[in-house]
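To keep things clear, I will list the structure first and then write my remarks on it.
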Amino acid sequence: MGPDRVYTVPKVPVHARSRGPADASFWTHAHTLSIDSFRPEGTAHRPRVAARAMYSDDAMYVQFTVQDRFVRCVHATYGDPVYLDSCVEVFLQPRATGGYVNLEVNCGGTLFCSHVEDPRRVPGGFARWQRVSREHASGIVIAGNLPPIVDPEVHGELEWWIVMTIPFQVLGRYVQGAPPSPGDRWRANFYKCGDETSHPHWGSWSPVRELNFHRPEDFGTIVFES
C-alpha cells in the first residue's frame, strides 16, 4: 500500500450557490479525483471515473462522471441492492469512532444508504449496522442523466453522471462530526462497481487490500478547505 490518499473539499463559492450542483458551472472550483484502483477479481473492464466534492454550511455535494460500457440497472426502489447494478458510492466517516455512512447510487439514480458501526461480516450483513430510514434518506437529493431502469444492458460507450446533495442534518442523525468545520479531516472512500453487469468490476479511489469496500482502514482522507 502507498501513502494515504488525500483530497481537499472546497467551499462552494457564494456566486455558485444559486446554480445548484446539477449545473456544470457549480463545480468550477472543485478538485477532481480518479477512481483508478481496480481489484484483480474483476473483469478487464475499467471504466474511467472522476469524482468531485464540495461543501456548504448545510450540505456536502458529490459528483461522479463515468465513461462506461456494459451499463445496466434494474433496481429502482430505495434500499434495493444497487451495487449489483452499474453503481457509484461514497463512504464518509467524520470521526474515528461512531462508524461511517455509505451512500450507494446506481446509474438510474436509486439510492441505498446505511450507517455501519462494526463492518465485520456476519450472516445477513454486518455485526452492527442500520439502514438510514426512508424518511431521513428522502432529504438526500440525487440527480443524474439516465432513466431509472437501464435494461437491456448498454454494451457501447456511454457517459453517465450522478450528483448527490447530502445534508449534514441527515449525516448528523447517525454520526458525530457533521457539519464539518474548516480544516476538519474525515476518512472517506469513493467507489465504482457493477457486480451483476456482464463485466463485473470493483474500483476505488483509495486502494482496498481485499475485495471488500467496507474497510475503514483502507479509506483515504478528505480535508474541508477553509
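Here the residues HIS31, HIS136, ranked from fewest to most Cβ neighbours within 10 Å of their Cβ, fall in the order HIS31, HIS136. Using only Cα positions of the chain, each an equal point scatterer, no hydration layer, compute I(q)/I(0) via Debye at q = 0.16, 0.17 Å⁻¹ and quote the log10 values to two decimals. So the normalised log intensities are -1.14, -1.31.
Within 10 Å of each candidate Cβ there may be at most 12 other Cβ atoms; applying that plus a DSSP loop requirement, which GluC sites (Glu not before Pro) in segment 126-164 survive? Kindly include the intermediate steps, with their values, before the conclusion.
On the way: sites: GLU135, GLU153, GLU157, GLU159; in loops: GLU157.
When the GluC sites (Glu not before Pro) of segment 126-164 are filtered for loop state and at most 12 Cβ neighbours within 10 Å, GLU157 remain.
Cβ neighbours within 10 Å, averaged per peptide: list 189-200, 14-25 in order, most packed at the top. Can you show the working numbers first?
Details: 189-200: 21.2, 14-25: 12.8.
Ranked by mean Cβ neighbours within 10 Å, highest first: 189-200, 14-25.
Shown here: segment 137-226, whose C-alpha atoms stretch 44, 32, 24 Å along the first, second and third principal axes, sorted largest to smallest. Based on C-alpha pairs under 8 angstrom that are at least 6 apart in sequence, the chain has a relative contact order of 28 percent. Residue separation of ASP58 and ALA22 scaled by 0.36 nm, minus their Cα-Cα distance, works out to 11.3 nm of gained length.
What is the sum of charges around TYR100, taking Lys and Arg as +1, Asp and Glu as -1, for the other residues whose C-beta is under 10 Å from the C-beta of TYR100? Display every interim value, and only then the final one.
Values: positive: ARG95, ARG187; negative: GLU117.
Neighbour charge sum, excluding TYR100 itself: +1.
Compute the relative contact order of segment 134-183 as a whole-number percentage, counting only Cα pairs closer than 8 Å that sit 6 or more residues apart in sequence. Intermediate results must be reported in sequence, preceding the final value.
On the way: 35 pairs, mean separation 19.9, N = 50.
Normalised by residue count, the contact order of segment 134-183 is 40 percent.
Taking the fewest neighbouring Cβ atoms within 10 Å as the starting point, the ordered list for TRP27, TRP161 is TRP161, TRP27.
Normalising the average separation of contacting C-alpha pairs (under 8 angstrom, six or more residues apart) by the number of residues puts the relative contact order of segment 16-111 at 18 percent.
Taken as Cα centroids, segment 197-226 and segment 23-38 sit 16 Å apart, rounded to the nearest whole angstrom.
Throughout, read-outs are computed from the coordinates displayed, never taken from laboratory work. Just so it is clear, the model here is predicted, and its values are computed rather than measured. Cβ: placed from backbone, ideal geometry, glycine included. Neighbour counts: every protein chain shown.
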